[in-house]
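Just so it is clear, none of the values below were taken in a lab; they were calculated from the coordinates. None of the values given here were measured: they were computed from a predicted structure. Please note: Cβ atoms are built from the backbone with ideal geometry, for glycine as well, and neighbour counts cover all protein chains shown.
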């Protein structure tokens, strides 16, 4: 099984952070798994017949430009304290034309000596923003995912992000902002005041947490990052890994007097 998986590198799907801070090619076998309330980057996951791996991109803004070696030492200080830590490699590299440091190390999952994991990191500074492209899997399974993880690092490109001060000026999203019937090519989304959601004919319940839409259909909850941009509502995550922009079709839904807030 492992040699067959190793030979197949899935074609990448363009993924762009909703804050426009970076983009990369996400292998189609991976899924974007946004975490509620996490505004510090993005998390990705792949599960193949019970063999799984995780990847993250961490975005760290600073008030002043920080030397790359200082950033690397800060990241290393956290990882070096993990149980079973053993550094395998640390070397100078480049990502998207920017100087970076490539680190690879072993550590124990929850301190369990039966569960060593292998971690691969690219760390870089762009202006006053630090980035860490991080991939990990159990050491025995890491070769299954190595090409995917290296592909994400190789295609990573930092973006301009939002203009300085723009986030502070933006009003936080509220459920009222999302109400109504939305559509894009091949997809229809309806969000009602009482917390009901219909997505492509599937009915469920939803709630909004810190800019993240959590939609529950039956026993499964799907997590989407949500962003209102000029003329549309963008969902990123699950089946919309690279982002999908919906436009409002009939205006906001009317609030029922019996509807409960979410």
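Full extension of the chain between residue 80 and residue 115 gives 10.9 nm of extra length, using 0.36 nm per residue less the Cα-Cα distance.
The calculated FRET efficiency for the pair residue 216 and residue 47, based on their C-beta separation and a Förster distance of 25 Å, comes to about 0.80.
Could you line up 177, 112 from fewest to most neighbouring Cβ atoms inside 10 Å?
Numbers: 177 15, 112 11.
Fewest to most other Cβ atoms nearby, the residues stand as 112, 177.
For a quick check: sort 29, 216 by the number of other beta carbons within 10 angstrom, fewest at the front.
Numbers: 29 17, 216 14.
Lowest count first: 216, 29.
Seen through its C-alpha gyration tensor, with square-root eigenvalues sorted a ≥ b ≥ c, the range 171-248 comes out rounded because a/c lies under 1.5. Counting only DSSP beta bridges with both residues in the range 2-166, the antiparallel share comes to about 100 percent. Points 7 angstrom from Cα along the Cβ direction at residue 87 and residue 104: gap in nanometres? So the label points at residue 87 and residue 104 sit 1.6 nm apart. Applying 1/(1 + (r/R0)^6) with R0 = 41 Å to the Cβ-Cβ distance of residue 66 and residue 209 gives a FRET efficiency near 0.85. Under 1.5 on a/c is rounded, so check that first for the range 2-166, then, if it is not, pick prolate when a/b is larger than b/c and oblate when it is not; a ≥ b ≥ c are the square roots of the alpha carbon gyration tensor eigenvalues. Oblate, since a/c reaches 1.5 and b/c is not below a/b. Once both labels are positioned 7 Å from their Cα atoms along Cα-to-Cβ, the gap between residue 183 and residue 94 label points is 4.9 nm.
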